[in-house]
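Please read the structure below before turning to the comments.
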Amino acid sequence: MLVYHGTTLEIRNPQIIANEMGRDFGFAFYTTDIKEQAERWAIRRAKVQARFSRKEEQAVVNVYEWSESHILKEKIFRDASIDWLDMVVRCRSDLRYHHDYDIVTGKIANDNVGETVSYVVQGIMRKEDAVERLKFEKINNQIAFCTEAALTELTFVKSYIVEV
């Protein structure tokens, strides 16, 4: 299966870099099986980095073949559910939290979804109400490779530049 990672660099050897708060499934190398989503993410990253670096940045999509050996421990969230929300809230609010999965596949908490998740984190909204609200959102997909063992299932295929 092909998976995509949008950024500003060619990444032949993916790594897990534990430096950003707010990751849905914890520290991991994030990909998607939706090419257009990766392209949008690459463009967004290029624009954000260009603001800080004050120079033009390229939007790059890296393409990987995922071998899907099914030997590793994988968690699949098919939709926004209480279990999915529990993991997202836990991972976004506690940097020390670490689940036991090598790979987690599920919906991405984009800006609209992220707002709902933040209401749950702050105790403003009940989880049940949040999941009900999220049923009306178009939520994209992400695949998080959370361990070094998981990263070995990815083989770099190519990268390409997207027009910003």
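Numbers at a glance
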quantity: Single residue of the range 145-164 satisfying the filter (open to solvent by 90 Å² or more (accessible area, probe 1.4 Å) and in a strand (DSSP E or B)) that is nearest to Ala46 (Cα to Cα); calculated: Ile161
quantity: So Arg51, is it at negative phi, touching a strand residue (DSSP E or B) at 6+ places or on another chain (Cβ under 7 Å) and exposed (fewer than 13 other Cβ atoms within 10 Å of the Cβ); calculated: no
quantity: Scope the range 62-74; condition touching a strand residue (DSSP E or B) at 6+ places or on another chain (Cβ under 6 Å) and free of Cβ contacts under 8 Å to residues at least 40 places away in the same chain; matching residues; calculated: Glu74
quantity: Residue that is surrounded by the most Cβ atoms within 10 Å (Cβ to Cβ), among those in the range 95-126 that are of a type in the set (A, V, I, L, M, F, W, C) and modelled with pLDDT under 90; calculated: Ala109
quantity: Members of the range 124-144 that are in a loop (DSSP other than H, G, I, E, B) and more than 27 Å from Asp33 (Cβ to Cβ); calculated: Ile124, Met125, Arg126
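The values are calculated or read from the model by the stated rules, or taken from the named source; none is laboratory data. If you're wondering where the values come from, they're calculated on a predicted model, not measured in any experiment. Ideal geometry is used to build each Cβ from the backbone, glycine not excepted, and the neighbour counts take in all protein chains shown. Ligands, DNA and RNA are excluded from the accessible area calculation, which covers all protein heavy atoms including side chains. Shrake-Rupley method; radii C 1.70, N 1.55, O 1.52, S 1.80 Å.
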